Amino acid sequence: MSLLLPTSLDEAVGMLGEHPDALILAGGTDLMVEINDGHRRPDDVVVAVNRVPELRSWRHDPAAATLTIGAAITYTELLSDPLATFSPALAEASRTVGSPQIRNAGTLAGNLGTCSPAGDALPVLAALDATVTLASAAGVRTMPVREFMTGVKRTAIEPGELIVEITVPTARGWQGYAKVGVRNAMVIAVATACLVVDEADQRVALALGSVGPTIIRCEEAETQLGGALDWATMTGTADDLTTFGRLAAAAARPITDHRSSAEYRRHAVGVLATRLAGRAVAAGRRSPVGA
Ligand SMILES: Cc1cc2nc3c(=O)[nH]c(=O)nc-3n(C[C@H](O)[C@H](O)[C@H](O)COP(=O)(O)OP(=O)(O)OC[C@H]3O[C@@H](n4cnc5c(N)ncnc54)[C@H](O)[C@@H]3O)c2cc1C
């Protein structure tokens, strides 16, 4: 096995052009487990991308109201300021990932590259309508993250391509993430939800994790809550929030596995959606729109 250590994006892209089937290694918190368990074989070439400066940087564009996060930015960076202020739900999800060691090594692109339905960053990226930028010797392309995630541990990435960066809108209202697992820390999710409130456009976005083959957006629930909220006072009735949770549960496509039954997952995700909506309304009352 050869381990290649590019120190620039051009060099990384060149190496992947020469070795399109090379394994890309970032923090290694998923990949090394798979190699150690014999599920993946490093074959000839591994390209380690976490020393590439372009992938280790981020930028905020105030005019476009976007945050662009390099592929090799870690959870520890995402949950700390200034990134946590620009993208609070991503910070909240990052806090729930693994242990400090995993959060120091694990990256956003690694979560996307693995594309587990339980990946904690993924519902946040889906709710934010994030885009992912990929590079290869053939050029650069950008696609919605929801098109990038094609199924259980399946993505739209092509051989020879790598994730360069992920772009999300900066917060324009309350956003939050909630997770249910079999214990409180170091846990793979049984059900997750991310709610993003866009006060400027008066709409909400809800994405669910661990309750389907990939992340699920809940359009019916989003339309219901967006229409039910009083945006001037940021209030909603208890019935509105309960209906939102019920529509979220109806959108789930859970399975029964060793972590949970499908029935529990569907129930849990409905509870998470209602709680998130309750938190959004409570936060909105503390700082009403335009205040
Ligand atoms: C003990 C433990 C606890 C964990 N807890 C959680 C948890 O609570 N929540 C959670 O979501 N995950 C958890 N994980 C899984 C893992 O930490 C995350 O999925 C993490 O985001 C993976 O990032 P990484 O940088 O380590 O990726 P790697 O392991 O380096 O790579 C993962 C995949 O992404 C690909 N990849 C990486 N970077 C790129 C790139 N730039 N372009 C293209 N492909 C790329 C790799 O080829 C590989 O297929 C845990 C893992 C362990 C070992």
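The values are calculated or read from the model by the stated rules, or taken from the named source; none is laboratory data. What you see is a predicted model; the values in this text were computed from it and never measured. Cβ atoms come from the backbone with ideal geometry, glycine included; neighbour counts cover every protein chain shown. Please note that ligands, DNA and RNA were not included when accessible areas were found on the heavy atoms of the full protein model with its side chains. Shrake-Rupley method; radii C 1.70, N 1.55, O 1.52, S 1.80 Å.
Values for this structure:
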| item | result |
| --- | --- |
| For the range 217-261: accessible area per residue (Å², 1.4 Å) | 52 |
| Long-range HN-HN contacts of THR150 with modeled amide H, under 5 Å | THR155, ALA156 |
| Where N is the number of residues in the range 65-151, Cα Rg divided by 2.2 N^0.38 Å | 1.05 |
| Under Karplus coefficients 6.51, -1.76 and 1.60, residue-wise ³J(HN,Hα) of the range 254-265 in Hz, glycine/proline x | x, 10, 8, 9, 5, 8, 6, 7, 4, 4, 5, 4 |
| With Cα atoms, 0 to 90° folded angle of helix 238-251 axis to the chain main axis | 40 |
| Cα Rg, Dmax, the chain, angstrom units | 19.2, 61 |
| FRET E, pair SER99, ALA63, Förster distance 25 Å, beta-carbon r, rounded to 0.05 | 0.05 |
| Whole-Hz couplings from phi, Karplus 6.51/-1.76/1.60, listed for the range 92-107; x for Gly and Pro | 5, 5, 4, 4, 8, 7, x, 10, x, 4, 5, 5, 6, 9, x, 10 |
| Label-point separation, ASP230 to ARG217 (7 Å along Cα→Cβ), nm | 3.0 |
| Sum of side-chain charges, THR7 neighbourhood, beta-carbon under 12 Å (Lys, Arg +1; Asp, Glu -1) | -1 |
| Estimated [θ] at 222 nm from DSSP helical runs (n ≥ 4, -39500 (n - 2.57)) normalised by residues in the chain, nearest 500 | -10000 deg cm²/dmol |
| J(HN,Hα) series, the range 6-19, from Karplus relation 6.51 cos²θ - 1.76 cosθ + 1.60, nearest Hz, glycine and proline x | x, 10, 8, 5, 4, 5, 4, 5, x, 5, 6, x, 6, 10 |
| Degrees separating the helix 219-228 axis from the principal Cα axis of the chain, which is the longest one | 40 |
| Charge context of ALA252, other residues only, Cβ under 9 angstrom, K/R +1, D/E -1 | +3 |
| Translational D in µm²/s for the range 133-193 (Stokes-Einstein at 37 °C, 0.692 mPa s, Kirkwood Rh from C-alpha pairs) | 225 |
